Amino acid sequence: MKGAQAGDFYRDFDLTWGGQRAKISEGGQFLTLSLDKYSGSGFQSKNEYLFGRIDMQLKLVPGNSAGTVTTYYLSSQGPTHDEIDFEFLGNLSGNPYIVHTNVFTEGKGNREQQFYLWFDPTKAFHAYSILWNPQRILFLVDNVPIREFVNRESMGVPFPNKQAMRIYSSLWNADDWATMGGRVKTDWNQAPFTASYRNFNANACAWSAGKSSCASTTSTSSTNSGSNTWQTQALDASGRQRLEWVQKNFMIYNYCTDLKRFPQGLPPECKN
Ligand SMILES: *[C@@H]1O[C@H](CO)[C@@H](O)[C@H](O)[C@H]1NC(C)=O
């Protein structure tokens, strides 16, 4: 397995979109994306992963970020792709960002949960993590679990465990829907809009040529080092308490309680 390695944006990512609007600096330790009238920008990981714990610190677009969306997600490719999404929907100065999350399996999403944050995500860097193992997916903010998606294959719910995924991130204009349902438009006088990234860490199983970087280590070493506890990690009592605290105080949308949207009955994974 690839151990916990300090990230290097040059080594680990390709700038894929937006030309000079995506920039790596400080010897690979820092990355910025920007958005102007003409284009947004984005990057993607060189590696594909099948399971892992992915950490990134982000500082979101400050000030009037209405209409902008910063994405940070894992995705495989093709029409039946899997995807694990964080999207940060900007807002007018002083109004709260929305953290939008979703899980796609075999090309189907429709599993949105949205949250406000308990801090201003534009003032400082905060850690946004995805823990993805065969049993569950956890979305974490500063190590606080905000969402858990449990493997319910036993109930016929597909779980992303067959397709390797890349890490993607982008900053783009989505003022047709992002802020207050699309009523507030991007103010281009504020451009360029900039989001910053640092402290990337993938404690993950890289997937290449049909092989996982984790398989060999599991067979050669019988002891679990601290760094791969993510492979079997579940929420303990305090994690579950913190998840409940977030869901009670900061969750603003949950597909699992949206009876209007699912008149035939809620999706099976919602009936825990
Ligand atoms: C923006 O602020 C308004 C007013 O506080 C709020 O209703 C909305 O959820 C916020 N976020 C977005 C992305 O619209």
Could you list all residues from segment 136-164 that are within 12 Å of the chain's Cα centre (by Cα) and touching a residue at least 40 places away in the same chain (Cβ under 8 Å)?
-> Ile137, Leu138, Phe139, Val141, Ile146, Arg147
Provide a single number: the residues in segment 80-135 that are within 16 Å of the ligand (Cβ to nearest atom), of a type in the set (Phe, Trp, Tyr) and more than 21 Å from Cys205 (Cβ to Cβ).
-> 6
Could you please give the count of residues in segment 228-245 that are exposed (fewer than 14 other Cβ atoms within 10 Å of the Cβ) and not acidic (Asp, Glu)?
-> 7
Per the list (1) β-branched (Val, Ile, Thr); (2) assigned to a strand (DSSP E or B); (3) open to solvent by less than 10 Å² (accessible area, probe 1.4 Å), residue check on Thr16 breaks on (3)
Within the bounds of segment 26-47, is there any residue that is within 14 Å of the ligand (Cβ to nearest atom) and either touching a residue at least 24 places away in the same chain (Cβ under 8 Å) or among the aromatic types (Phe, Trp, Tyr) (or both)?
-> no
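Do we have Lys59 as at pLDDT below 95 and of a type in the set (Lys, Arg) here?
In short, no.
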What's the number of the condition Thr186 fails, among (1) open to solvent by less than 10 Å² (accessible area, probe 1.4 Å); (2) over 22 Å from the mean Cα position of the chain (by Cα)?
-> (1)
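Quickly run through segment 117-135 and pick out the residues that are farther than 21 Å from Leu60 by Cβ and either open to solvent by 40 Å² or more (accessible area, probe 1.4 Å) or free of Cβ contacts under 8 Å to residues at least 12 places away in the same chain (or both).
Here is the first cut: in segment 117-135, the residues farther than 21 Å from Leu60 by Cβ are 131-135.
Within segment 117-135, Pro134, Gln135 meet the criteria.
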Scanning segment 239-264 for residues that are within 16 Å of the ligand (Cβ to nearest atom) and part of a loop (DSSP other than H, G, I, E, B) gives Phe250
Filtered residues of segment 59-116 (kept if open to solvent by 30 Å² or more (accessible area, probe 1.4 Å) and among the hydrophobic types (A, V, I, L, M, F, W, C)) = Leu92, Ile98, Phe104
Just to be sure, is Gly3 within 15 Å of Ser169 (Cβ to Cβ), modelled with pLDDT under 95 and in contact with a helix residue (DSSP H, G or I) (Cβ under 9 Å, 6 or more places away or on another chain)?
-> no
Would you mind telling me which numbered condition in (1) part of a strand (DSSP E or B); (2) at pLDDT below 95 Thr71 fails?
-> (2)
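The values are calculated or read from the model by the stated rules, or taken from the named source; none is laboratory data. The model shown is predicted, which means the values in this text are computed figures rather than measured ones. Here Cβ is always computed from backbone atoms with ideal geometry, including for glycine, and neighbour counts include all displayed protein chains. Side chains are part of the model used for accessible areas, which takes the heavy atoms of the whole protein and leaves out ligands, DNA and RNA. Shrake-Rupley method; radii C 1.70, N 1.55, O 1.52, S 1.80 Å.
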